[in-house]
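Presented below is the structure to which this report refers.
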Amino acid sequence: MPFIKKFISSWKASPTSSEHGTKEPVDSDPNVKNTMFNRTLNISQNQSTLNCSIFPNEILLQILDFIDDCNYEFIGGVFMKVCKQWYCASITGRSISLDFSKCKISRNKFDLIFRTKRQNIQPLLLSNLTELNLEGCIVGKKGLKSIMKCEFISNLTSLNLSYNKFKHRGLKRIAKCTYLSKLTYLNLQFTDPGSELNLTAISQSDFMSNLRVLKLNDCSVPITSLHQIFSSEKMKNLLELKVSAPFFGTDVYLQEFTLLLTAQNSCLKHLTSLSMSSIRQEALDIQSIVNSENLQHLTLLNCKRSGIDDFGASQIATSKYMSNLRELDISNNFLRNDGIKSIANSELMSHLTSLRVGGNNKITAQGAQFIASSQYMKNLTCLRMSHTDIGCEGTSFIASSEFLNQLTDLSLSYTNCGNQGVFHIASSTTLNNLRRLALNGNGIQDLAILTLSQSPSMRQLTALNLHGNNIGSESVVAISLRSQMSRLSILDLSNNYGALSSEIMHLLANSEYMHNITNLNIRKTISSVTGYEHIRPLFTITENRRNVIENITMLNLDGNNIGDEGVKIISQCDYRHHPRLTSLNLAKNNITAKGVQFMTESINFLNILELILDFNEIGNEGAILISHAKHFKNLTSLSVHDNQISKQGEEALTQQERISQNMPKLTRLTLSWHYNPVTVREFL
């Protein structure tokens, strides 16, 4: 400890830091050679990417894991000072982004990060902080107070406080914070949805005048608060506004909202992005909105689930004030082919790059033809038509269109396209830029997937969704052995029973073309009662041969009958070969307390952030084992719905002191989908 204090003293006297902790260039004096700090910088610059990769989001939290409430201030500050990654980042002067989303941080540790009391251990890094993500951190009023009093946030341009609770006083604290004068992005999504969100202080704050983006979706915002936003001169620079309507209940509210959007004295006349999903609009309302001069700069309009019909679509398509639109989402409404025709044949819509019309199940092949044959749709890169009735014929129109050759994202799930529709896609010469292809629920069989996997047009594909079709092992073989599939990072084979046997899993796991996969969904693909044998190849590392598991971050094994033996296989796999796995779904696998014991004793679960164990049989014994787990330190989300857990198990999983020690980052605990006990809410 004396050495550390001496080190800190020498740090303060170094040329890299002023007495107030501000940084100066290390090489400001050309005569300075071979100083300790110069050597440190060189080491930092030369260290491998692997050593540095931990820095942007997790290094601070990893440091905090070793600090208790007694020594957090002093020891934490020392770590901030001596860590080469922190030091190197702080002296570059580059913008820094910290992401603590869904992490549980105590009040004391908030103080450490944002309000260190000792001058000699002020964290150098935060003076460069421009982006701060605290989504779901359970910040609370005390944590928010610590942040708002911190001078190091004076360069902050982006602040995400979504999924938190701090009520009106918290919003006032944000509005009065002089350090937030550079803020351009504020996310308040799902902020205390149980009570009304009073935005008076925000709308009148001099320090909020640079806001460009304000997200209020899933919030209970009274019309009076929205009126203050729309009428405040302080909000005139706002470019993006998001609201949604779980709490937009009455017709009067909707009418008032329409008046706010269209009022001549509105201060929000520079909006480029407007999202009003789930806000039910009458025909006259949507007509008034899209024909308002206030919205002439819009490039994005989201009217998802808003009750729009063909008339509403025609109003959007023919409004001169909508001519700058680049992205249009009118999915899950009441559109038919005539509405699509209005959009597709409008020259005013010629700048669209993204069109989402899925969930309008009255759209048929004719609607797809209107889009495919329109020269005004030639700039589309994203086309979402899932849950429509375009069928094989509509798919053929899209696949053969001379105007849709820029598409990178195509979603045709649940469109009844069948095998023939896939043949059209595979033989297309215009869809060779596709990166994402979704074909869920179309009754597709092996021959179609074999043809697709051989298509030269699929070489750029990075995401392929085949959920809920009729494909078997031949499809998996075709995907695994074709170089055209080598760029895949997301592969969804779920709900294709019997597609994976032990041999096929071995082929998939060891294929030289599958190494880029990071998200693998094989839910309900194993029909055997001994599912554990089928997943064994995925967790068996062969010498001199790479396994797909090495790069996977998200793995869904739901409903595969792997049982306790399957959990044992996962737990005993060499940890070094799947260090990136952070999300694991083991629901519906007949797992008991014995399987839970394998997990809790395995180092393999150290990096898991999300663990889903729904519909198993872990019981109270399993719940107690989880509460005592030593390798769930990084777990942020745990779901144990329908596991025969009674009051004893619930109490174990909500025992504050024990869980805070063994699962300090847990922010989401689901004991039941239908009912969350008060103890769970209070605990979180």
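The values are calculated or read from the model by the stated rules, or taken from the named source; none is laboratory data. If you're wondering where the values come from, they're calculated on a predicted model, not measured in any experiment. Every residue, glycine among them, receives a Cβ derived from its backbone with ideal geometry; neighbour counts consider all protein chains shown.
Values for this structure:
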{"read-out": "Lone qualifier among 565, 621 - being at pLDDT 95 or above, under 20 Å from residue 645 (Cα atoms) and over 30 Å from the mean Cα position of the chain (by Cα)", "value": "621"}
{"read-out": "Which numbered condition residue 286 fails, given (1) of a type in the set (A, V, I, L, M); (2) touching a helix residue (DSSP H, G or I) at 6+ places or on another chain (Cβ under 6 Å); (3) at pLDDT 90 or above", "value": "(3)"}
{"read-out": "Of all residues in segment 625-652 being closer than 25 Å to residue 572 by Cα and outside any loop (DSSP other than H, G, I, E, B), the one that is modelled with the lowest pLDDT", "value": "637"}
{"read-out": "Residue in segment 575-585 that is farthest from residue 532 (Cα to Cα), counting only those that are of a type outside the set (Phe, Trp, Tyr) and over 21 Å from the mean Cα position of the chain (by Cα)", "value": "576"}
{"read-out": "Segments classed as strands (runs of 3 or more DSSP E), wholly inside segment 391-497, with at least 2 members that are under 25 Å from residue 510 (Cβ atoms)", "value": "463-465, 490-492"}
{"read-out": "Count of segment 130-144 residues which are surrounded by fewer than 21 Cβ atoms within 10 Å (Cβ to Cβ) and either of a type in the set (Val, Ile, Thr) or not in a loop (DSSP other than H, G, I, E, B) (or both)", "value": "7"}
{"read-out": "Tally, over segment 592-617, of residues that are assigned to a loop (DSSP other than H, G, I, E, B) and more than 25 Å from residue 518 (Cα to Cα)", "value": "3"}
{"read-out": "Unique residue being at pLDDT below 85 and within 25 Å of residue 160 (Cβ to Cβ) when the list is 209, 232, 273, 277", "value": "277"}
{"read-out": "So residue 447, is it out of contact with any His (no Cβ under 6 Å at 6 or more places or on another chain), surrounded by 20 or more Cβ atoms within 10 Å (Cβ to Cβ) and not hydroxyl-bearing (Ser, Thr, Tyr)", "value": "no"}
{"read-out": "In segment 469-508, the residues that are at positive phi and of a type in the set (Val, Ile, Thr)", "value": "none"}
{"read-out": "Any hit, segment 597-617, residues being within 22 Å of residue 529 (Cα to Cα), among the polar types (S, T, N, Q) and at pLDDT 95 or above", "value": "yes"}
{"read-out": "Hey, residue 175 surrounded by fewer than 20 Cβ atoms within 10 Å (Cβ to Cβ) and more than 17 Å from residue 99 (Cα to Cα) or not", "value": "no"}
{"read-out": "Selected residue (only one of 529, 477 is of a type in the set (A, V, I, L, M, F, W, C), surrounded by fewer than 22 Cβ atoms within 10 Å (Cβ to Cβ) and at pLDDT below 95)", "value": "529"}
{"read-out": "Contacts under 7 angstrom Cβ, first residue in segment 536-562 being closer than 24 Å to residue 487 by Cβ, partner acidic (Asp, Glu) and in a loop (DSSP other than H, G, I, E, B), 6 or more apart", "value": "541/574"}
{"read-out": "Conditions (1) under 27 Å from residue 216 (Cα atoms); (2) at pLDDT below 60; (3) not polar (S, T, N, Q): number failed by residue 117", "value": "(1)"}
{"read-out": "Output for segment 572-629, where each listed residue is farther than 23 Å from residue 522 by Cβ and β-branched (Val, Ile, Thr)", "value": "600, 603, 624, 626"}
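Table: residues versus (1) touching a helix residue (DSSP H, G or I) at 6+ places or on another chain (Cβ under 9 Å); (2) crowded, with 20+ Cβ neighbours inside 10 Å; (3) over 21 Å from residue 669 (Cα atoms); (4) not assigned by TED's automatic domain parsing to the domain that holds residue 638.
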{"site": "566", "(1), (2), (3), (4)": "yes, yes, yes, yes"}
{"site": "578", "(1), (2), (3), (4)": "yes, yes, yes, yes"}
{"site": "586", "(1), (2), (3), (4)": "yes, yes, no, yes"}
{"site": "606", "(1), (2), (3), (4)": "yes, no, no, no"}
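Rundown of residues vs (1) in contact with a helix residue (DSSP H, G or I) (Cβ under 9 Å, 6 or more places away or on another chain); (2) under 20 Å from residue 372 (Cβ atoms); (3) not small (Gly, Ala, Ser), yes/no style:
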position: 409; (1), (2), (3): no, yes, yes
position: 416; (1), (2), (3): yes, yes, yes
position: 427; (1), (2), (3): yes, yes, no
position: 437; (1), (2), (3): yes, yes, yes
position: 440; (1), (2), (3): no, no, yes
position: 447; (1), (2), (3): yes, no, yes
position: 464; (1), (2), (3): yes, no, yes
position: 472; (1), (2), (3): yes, no, no
position: 476; (1), (2), (3): yes, no, yes
